[in-house]
Amino acid sequence: MCGIVAYVGDRTAYPILIKGLQRLEYRGYDSAGIALMNGKTNIYKCKGKVKDLEHLVKDQDISGSVGMGHTRWATHGEPSDRNAHPHQSMNGKFIVIHNGIIENYAHLKKELTNRGYSFNSDTDTEVLANLIENVYLEQKVSAELAVRLALTRVVGAYGLVISSPEEPGMLIAARKGSPLVIGVGDKEYFLASDATPIIEYTDQVIYLNDEEVAVISRQGLDLKNIYNDTKTPEIKTINLSIENIDKGEYEHYMLKEIHEQSNSITETFRGRIAMDESKIFLGGILDVMHKLIDAKRIVIVACGTSWHAALVGEYLFEEYARIPVEVEYASEFRYRNPIVDKDDLVIAISQSGETADTLAAVRLVKDSGATILGICNVAGSSLSRETHAGVYTHAGIEIGVASTKAFTSQITVLTMMAFLLGNKRQVLPAADYKALIHELIQVPDKIAEILKEEKNIEKIASIYKDVTNALYLGRGILFPVALEGALKLKEISYIHAEGYPAAEMKHGPIALIDESLPVVVLAVQDRSYEKMVSNIQEVKARKGKVIAIVSKGDKVVKKMADQVIEIPNCHEALSPLLSVIPLQILSYHIAVMRGCNVDQPRNLAKSVTVE
Ligand code: G6P
């Protein structure tokens, strides 16, 4: 959370920073600010979004070819002008933007207060700026050394860009826990939390590693770790184009990403399924395949929507590969004393590959001997670098804060892995394996069919847009889809919604049912169908309103439900991929009708890099 962008070179920094901040706004939008260096330093910052910042700087001096910008997701201190970044140290020697949390900031603040420092904000970042300045002034060292020495005292996570007006033309970047990418141009450098602000200028990037500090100027780049060891920068070429980050004809990124799903799933299995549909290849896990085949147990760790994908994975691995699975919230797992050993396979799922809790869970099991895999959408992300092996989802960049296409691509990867392992472990007969692969490759066309139902779903949205609560019910492999449907509704429309396994309804939620409660029911043709029909009857008997997701041609539920949304018939294993699409569309339209900011829901951020 929080987005940072910076530039040093010959261009005017301001447009690069503003455009960069707009692209990073998904990481937080509580306040925005920039610092521009042109002999003197101008800092402009305000509560609100990047457009408020643009308004603020109208008619101001925005010259300078060195600068930094920040968009904030508040951790320490309310969203306000004074808590907005950049922060300046008390004597003006350092200017800092920060993504992360300085956990020992209270202790450091006290120490600095005793040394005469005063503070203008409630942030941990200002404490860091003053800590660096204090080291700089007391130890009379260079700005770069002051940064490194100060960082050895910091507990927590940081992606930082720092400038010192006393050494103009230079930016210092440092990272631990929070991502930071350096774009390498010709006598110019770009810094950002992800690559989106820099793709029109360069495709050459360096991903900073934890505890590395880069000193950047027009003259070049020096890389060390905070302990003064020199590091060799590894320059990589990224494959990301402007079209990927454009809304195109769509009103919102979320709608665009919902509509991209037939393509994004195709991208997920591109090159991974044999032409004759007889085999699945997952190159990223080939080297550890023998360990996967022999795994005694799979533990999946994830957060948010990725955790829901993990729950779908649990059904798939147990059903098709016959390996016992446990699914854990990474945030809980990391603070237990989990029992994991060398026979386990740990899978971490994360769209961004930067979620702090998921990374911490991975680090926790590093010494257990378990094989650790990542399922991740962002090439070069921390997760991809901290796991033994992994599979990229290749869904393309996802910008809407509410995850949609990343979710279906994660499930596609899990489906492929489960089928592949079932085959390798000889628990999935070759004919079934082939039949399932054949079914899987039909999914994109079936999704395209569902997307044509958008108008119908929009009408249903208009009926329920003013409700205050909603219940989502599913069974078996569709229970996680019920959870995901409820999450989508609550996060973008602020309607309270709960997902439940349908049979559990009788143990509590049934008390909520009356004529004002919409119940979204996943009642497709699968092994639970009859039982779902009974659950629908129970809802109707209490005058609840039923919106049912049914298989094409369904007659029974159609007669009972208030509204139905049909999805094409498919194999049970693949029904999560289809049935979640109408739930995404329903939430989207309800949120739009309620006037909510769909792409940037309040209080949320896409990439949760703090715990
Ligand atoms: C945030 C996002 C969610 C996402 C979750 C986990 O809460 O708003 O959309 O599912 O983080 O993120 P990850 O990048 O680890 O999948």
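The values are calculated or read from the model by the stated rules, or taken from the named source; none is laboratory data. Just so you know, these numbers come straight off a predicted model, no measurement behind them. Because the Cβ atoms are built from the backbone with ideal geometry, glycine has one as well, and the counts that use them run over all protein chains shown. The accessibility values were calculated without ligands, DNA or RNA, using every heavy atom of the protein model including side chains. Shrake-Rupley method; radii C 1.70, N 1.55, O 1.52, S 1.80 Å.
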query = Expressed in nm², what is the orientationally averaged projection area of the convex hull enclosing the Cα positions of region 453-611?
reply = 9.6
query = Cα gyration tensor of region 353-451, axes a ≥ b ≥ c as square roots of the eigenvalues: rounded (a/c below 1.5), prolate (a/b > b/c) or oblate?
reply = oblate
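Using only Cα atoms, what Kirkwood radius does region 495-535 have, in angstroms? Don't skip to the end; give the middle numbers.
Details: mean 1/r = 0.0885 Å⁻¹.
Kirkwood radius, region 495-535: 11.3 Å.
Of all the accessible heavy-atom surface of the chain, with the other protein chains kept in place and a 1.4 Å probe, what percent is carbon and sulfur? Don't skip to the answer; put the middle values down first.
Numbers: 11370 of 23320 Å².
Of all accessible area on the chain, carbon and sulfur atoms account for 49 percent.
May I ask you to derive the FRET efficiency for Asp10 and Asp81 from their Cβ-Cβ distance with R0 = 30 Å, giving the value to the nearest 0.05?
On the way: r = 32 Å, r/R0 = 1.05.
So the FRET efficiency works out to roughly 0.40.
I'd like to check one number: the per residue accessible area of region 453-611, probe 1.4 Å, reported in Å² as a whole number. All intermediate terms of the calculation are to be shown ahead of the outcome.
Numbers: 6030 Å² over 159 residues.
Accessible surface, normalised per residue, equals 38 Å².
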note = Between Glu458 and Lys342, the FRET efficiency computed from the C-beta separation at R0 = 45 Å comes out, to the nearest 0.05, as 0.30
Asp466 accessible area, assembled protein chains, probe 1.4 Å, Å² = 110
ask   = Mind listing the Cα extents of region 123-175 along all three principal axes, in Å, largest one first?
value = 27, 23, 18
ask   = Working out 0.36 nm times the residue gap between Ile242 and Met560, then minus their Cα-Cα distance, what length gain in nm do you get to one decimal?
value = 109.7 nm
Per residue, the convex hull volume that the Cα atoms of region 1-88 enclose (Å³) = 79
query = Given a cut-off of under 8 Å on Cα pairs at least six residues apart, what relative contact order in percent is computed for the chain?
reply = 12
task = Quick one: dipole size for the chain, taken about the Cα centre, charges +1 on Lys/Arg Cβ and -1 on Asp/Glu Cβ, in debye to the nearest 20.
result = 560
ask   = How far is helix 479-493 tilted, in degrees, relative to the longest principal axis of the Cα atoms in the chain, given as a value from 0 to 90 rounded to the nearest 10?
value = 50
ask   = How much length is gained on full extension from Asp229 to Tyr529, taking 0.36 nm per residue of separation minus their Cα-Cα distance?
value = 101.8 nm
request  = Please give the helix 529-541 orientation as an angle from the longest Cα principal axis of the chain, in degrees from 0 to 90, rounded to the nearest 10.
outcome  = 80
inquiry  = Roughly how far apart, in whole Å, are the Cα centres of region 310-373 and region 233-305?
reply    = 18
task = Express in Å², to the nearest 10, the accessible area of Asp203 obtained by rolling a 1.4 Å probe over the protein heavy atoms while all chains stay in place.
result = 70
request  = Would you kindly calculate the mean projected area, averaged across all directions, of the convex hull enclosing the Cα atoms of region 438-535, in square nanometres?
outcome  = 7.2
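Compute the Rg/Rh shape ratio of region 248-450: radius of gyration over Kirkwood radius, all on alpha-carbon atoms.
On the way: Rg = 16.3 Å, Rh = 17.0 Å.
Looking at region 248-450, the ratio lands at 0.96.
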message = Working only with C-alpha atoms, what are the Rg and Dmax values of region 3-243, expressed in angstrom?
response = 16.2, 53
task = Along Cα→Cβ, 7 Å out, is where each label goes; now give me the distance between the ones at Lys19 and Glu318 in nm to one decimal.
result = 5.0
remark   = Once all protein chains are kept in place, Glu25 shows an accessible area at probe 1.4 Å, nearest 10 Å², of 20
inquiry  = Please list, in order along region 546-563, the HN-Hα scalar couplings obtained from phi with the Karplus expression 6.51 cos²θ - 1.76 cosθ + 1.60 (θ = phi - 60°), rounded to whole Hz, x for Gly and Pro.
reply    = 10, 10, 10, 8, 10, 7, 3, x, 4, 10, 5, 5, 3, 6, 9, 7, 6, 9
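Express the C-alpha Rg of region 60-106 as a ratio against the empirical globular expectation 2.2 N^0.38 Å, rounded to two decimals.
1.30
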remark   = Longest principal axis of the chain (C-alpha) makes with the long axis of helix 575-593 (C-alpha) an angle, in degrees to the nearest 10, of 60
request  = With a 1.4 Å probe and all protein chains in place, put Phe281, Phe119 in order of accessible area, largest first.
outcome  = Phe281, Phe119
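Can you pull a Stokes-Einstein diffusion coefficient for region 262-358 at 4 °C (1.567 mPa s), Rh from Kirkwood over Cα pairs, as a whole number of µm²/s? Display every interim value, and only then the final one.
On the way: Rh = 14.9 Å.
Rounded, D is 87 µm²/s.
Give me Rg/Rg_expected for region 180-337, where Rg uses Cα atoms only and Rg_expected = 2.2 N^0.38 Å with N residues.
Numbers: Rg = 20.9 Å, N = 158, 2.2 N^0.38 = 15.1 Å.
Here the answer is 1.38, to two decimals.
Once fully extended, how much extra length lies between Ala503 and Cys46, figured as 0.36 nm per residue of separation less the alpha-carbon to alpha-carbon distance? Can you show the working numbers first?
On the way: separation 457, 0.36 × 457 = 164.52 nm, distance 4.98 nm.
Length difference between fully extended and current span is 159.5 nm.
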ask   = For the charge dipole of region 453-611, defined by +1 on Lys and Arg C-beta atoms and -1 on Asp and Glu C-beta atoms about the Cα centroid, which residue among Ala461, Gln537, Ala591 has the Cα displaced farthest towards the positive pole?
value = Gln537
query = Tell me, what is the per residue accessible area of region 3-243 in Å², probe radius 1.4 Å?
reply = 38
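Per residue, how much accessible surface does region 248-450 expose to a 1.4 Å probe? Answer in Å², no decimals.
On the way: 7650 Å² over 203 residues.
Accessible surface, normalised per residue, equals 38 Å².
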task = Express the relative contact order of region 248-450 as a whole percentage, based on alpha carbon pairs under 8 Å and six or more residues apart in sequence.
result = 29
message = Suppose the Debye formula is applied to equal point scatterers at every Cα of the chain; what is log10 I(q)/I(0) at q = 0.06, 0.07, 0.11 Å⁻¹?
response = -0.34, -0.45, -1.04
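For Asn91 and Leu145, what does the FRET efficiency come to when R0 = 22 Å and r is the distance between their Cβ atoms, rounded to the nearest 0.05? The partial results should precede the final answer.
Working: r = 18 Å, r/R0 = 0.80.
Between Asn91 and Leu145 the formula returns 0.80.
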